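The structure appears below as structure tokens.
Every number here is computed from the coordinates shown, using simple stated rules; none is lab data. What you are looking at is a predicted structure, and each value in this text was computed from that prediction instead of being measured. Cβ placement follows ideal geometry from the backbone for every residue including glycine, while neighbour counts extend to all protein chains displayed.
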Amino acid sequence: MPHNRFYVESSFEGRCQLSKEESRHLKVMRAQVGDTLELVNGRGEKAEARLLNLSGEFEILDVQKEVPQKPLILCQALVRPSKLDLIVEKGTELGMSELWLYPAQNSEKKEISDHQIKRLHHLSVAALKQCGRLTLPKILMKPPLLKWSELPHPAYFGDLEGEGLSKEQEGYLFFVGPESGFTADEKTHLKALGSQGLKLNNLTLRTETAAIVGLALLSYHAFVNQS
């Protein structure tokens, strides 16, 4: 993680203050009053700022804004916490704009606590600081899949019988099931919503692997392969 990059939750206007957690990081890195450091706020902005005191107060010197990217939404069934941690970390690095969590029919857990959501947020912040992106993914809880009635963007789900991506879109959703996979009813409903099967590999992938591979493929299709 870059030693001179810190996260704040406010907009960059005049002065800003680090959280207690980020202030501890500041002291660990032995920053000195007067140092010019980099701040990110997860809102698509990066600031060059001067440290005013070791409690984490900064004076904003210059602000740069990130060019908005196409929506890249991962619709992930609730899975075990260790798998979800990995998905959030790697999803942030791969440009995931939002993470929609939902209880699938085969999910072992049907809900997630506020404490777990907070933990995922911290993991996403750490990944954001590491990879250099400026927009923090939103993490939202959604209802069971069979209650969904429409989708805001073209959607895909991992399917060994699926095909490749058809064409570049203005945004993407990618659905991933739980450890035991989608049920037949869920697959039928996804197709009824207009979601297409997407073949990621010749083999059956674990849920966390499918999420990472799917995001990597869609990220390349949306942001890299623009020609």
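Only Cα sites of the stretch 72-224 enter the Debye sum here, all with the same form factor; the resulting log10 I(q)/I(0) across q = 0.15 1/Å is -0.72, listed in q order.
Spatially, the stretch 182-227 and the stretch 30-45 are offset by 37 Å when compared through their Cα centroids.
Every helix of 4 or more DSSP H residues in the chain counts as -39500 (n - 2.57), and over all residues that averages to -8500 deg cm²/dmol at 222 nm.
Remark on R43: its backbone amide H falls under 5 Å from those of L136, a criterion applied only to residues 5 or more positions apart or on other chains, H modelled at 1.01 Å from N.
Largest mean-square fluctuation among K27, K83, K199, in a Gaussian network model of the chain whose springs join Cα atoms under 10 Å apart, belongs to K27. Footprinting exposure proxy ranking of D35, D62, fewest other C-beta atoms within 10 angstrom first, gives D62, D35.
3J(HN,Hα) along the stretch 196-202: 10, x, 10, 7, 9, 6, 7 Hz, from the Karplus curve 6.51 cos²θ - 1.76 cosθ + 1.60 with θ = phi - 60°, whole Hz, x for Gly and Pro. Label the stretch 5-65 by shape, choosing from rounded, prolate and oblate, from the square roots a ≥ b ≥ c of the eigenvalues of the Cα gyration tensor; if a/c is under 1.5 it is rounded, and otherwise prolate applies when a/b is larger than b/c, oblate when it is not. Prolate shape, in that a/c is at least 1.5 and a/b is the bigger ratio.
How far is helix 81-93 tilted, in degrees, relative to the longest principal axis of the Cα atoms in the chain, given as a value from 0 to 90 rounded to the nearest 10? For 81-93 against the chain, the angle is about 70 degrees. Taking the Cα centre of the stretch 5-65 as origin and assigning +1 to Lys and Arg Cβ atoms and -1 to Asp and Glu Cβ atoms, the resulting dipole is close to 200 debye.
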